[in-house]
Amino acid sequence: MGIKKHIPNTITCCNLVSGCIATSFAFAGDPKMAMFWIIMGAVFDFFDGMVARLLHVSSPIGKELDSLADDVTFGVAPSAIVFSELYNLQYPSSFYGIASYIPYCAFLIAAFSALRLAKFNLDDRQTTSFIGLPTPANALFWGSFILGGHTIIENHSWGVPLMLVMICISCYLLIAEFPMFALKFKQWSWKGNEIKYVFILSCIPMLLFLGYSAFSAIIAWYVILSAYVLFTNKFKKTS
């Protein structure tokens, strides 16, 4: 039992180390390797909770450690990727005087990720769905978006304003009181799981044909489908 109780926390620490490595690659200007280590962190993040439940060794320390690791891997690391991209962009003349400060806006992602994780720890409504955008999804979006779209961003004058607007939207979605479906199945039939199956099936061509941009497209599609479910449910209640 003594060794068994440390296994989930060890896996969580692997997530934390993955996030640190991803951050170092991001600051070194290597978003591809940063993205790889964010994905590795997501794998460890998936298994630490599962192992804790299987071994019946969940603990308050594990919960707090998990949030710390998640903020590094899914908050600081994507912030560093966005920072490096903004730092290397050519700024239009309209940004003269403030261009050197703009890259630091990227770290709002880390701050709002921490805020979301703190809310998540205290929120008991998220057993079957999410409230707001999960931090791993947000991190995968940014890593994929920079990898797949950096050439377009760097070659257009609207690249900087677009990035700033997207940072604001990203931060809002992390803490928004906005229900988003989770891929948790109580039963496997089509009825009642339509939106989940539509999402999974539509992700396949994105993964096959969009290359590095696949994850950003998938996360954007996930937000759109969640909004569709929300408004559909509200319409049914009012009609």
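The values are calculated or read from the model by the stated rules, or taken from the named source; none is laboratory data. Not measured: the values here are computed from a predicted model. Neighbour counts are summed over all protein chains in view; Cβ atoms, including those assigned to glycine, are modelled from backbone coordinates with ideal geometry. Ligands, DNA and RNA are excluded from the accessible area calculation, which covers all protein heavy atoms including side chains. Shrake-Rupley method; radii C 1.70, N 1.55, O 1.52, S 1.80 Å.
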Completion exercise
In nm, the gap between the two label points placed 7 Å beyond Cα toward Cβ at LYS184 and LYS234 is 2.4 nm
Exercise for the section: Past 22 Å, Cα to Cα, is the threshold; run LYS5/LYS186; LYS5/LYS184; LYS119/LYS196; LYS4/LYS63 against it and keep the listed order. Expected result: LYS5/LYS186; LYS5/LYS184; LYS119/LYS196
Exercise for the section: Give me the distance in nm between label points sitting 7 Å out from Cα along the Cα-to-Cβ direction at ALA111 and SER24, one decimal. Expected result: 2.8 nm
Handout entry: Those trypsin sites (Lys or Arg not before Pro) in region 50-150 that DSSP places in a loop and that have at most 11 other beta carbons within 10 Å
Key = ARG125
Problem - Relative pair counts by distance (%), Cα atoms of the chain, 10 Å bins - result: 7, 29, 35, 21, 7, 1, 0
Exercise for the section: Using +1 at the Cβ of each Lys and Arg and -1 at the Cβ of each Asp and Glu in the chain, identify which of ASN15, PHE44, SER129 lies farthest towards the dipole's positive end. Expected result: SER129
Problem - Carbon plus sulfur fraction of accessible area for the chain, probe 1.4 Å, in percent - result: 72 percent
Exercise for the section: Once you have all Cα-Cα distances for region 195-239, histogram them in 5 Å bins from zero and send the whole-percent values. Expected result: 5, 22, 24, 18, 13, 8, 6, 3, 1
Completion exercise
Protection proxy (average C-beta count within 10 Å per residue), highest first, orders 199-206, 165-172 as 165-172, 199-206
Exercise for the section: For MET180, enumerate residues with amide H under 5 Å from its amide H, sequence gap 5+ or separate chain, H modeled in the peptide plane. Expected result: PHE130, ILE131, GLY132
Handout entry: Residues of region 13-89: accessible area per residue with a 1.4 Å probe, Å²
Key = 46 Å²
Exercise for the section: Over the Cα atoms of region 130-239, compute the convex hull volume and normalise it per residue, giving Å³. Expected result: 123 Å³
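Summarise the long-distance tail of P(r) for region 7-143 by giving the % of C-alpha pairs beyond 25 Å. List each step's numbers first, then the result.
Values: 2752 of 9316 pairs.
The proportion of pairs with Cα distances above 25 Å equals 30 percent.
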Exercise for the section: Give the accessible area for TYR228 in Å² (nearest 10); use a 1.4 Å probe, count only protein heavy atoms, and leave out ligands, DNA and RNA. Expected result: 140 Å²
Problem - Residues of type lysines that LYS191 reaches as a straight line, Cα spacing below 27 Å, ignoring anything fewer than 8 places off in the same chain - result: LYS234, LYS236, LYS237
Fill in the blank from the handout: In nanometres, the difference between 0.36 nm per residue of separation and the alpha-carbon distance of LYS191 and HIS6 is 62.5 nm
Exercise for the section: Enumerate the calculated ³J(HN,Hα) couplings along region 16-22 in order (Karplus 6.51 cos²θ - 1.76 cosθ + 1.60, θ = phi - 60°), each rounded to whole Hz, writing x wherever the residue is Gly or Pro. Expected result: 4, 5, 4, x, 5, 5, 4
Practice task
State in Å² the accessible area per residue of region 124-239; use a 1.4 Å probe, count heavy atoms of protein chains only, and round to the nearest integer.
Solution key: 57 Å²
Practice task
Sticking with the crude label model, points 7 Å out along Cα→Cβ, report the distance from LYS32 to ASN88 in nm, one decimal please.
Solution key: 1.2 nm
Handout entry: Rounded to the nearest 20 debye, dipole of the chain from Cβ charges on Lys, Arg, Asp, Glu
Key = 900 debye
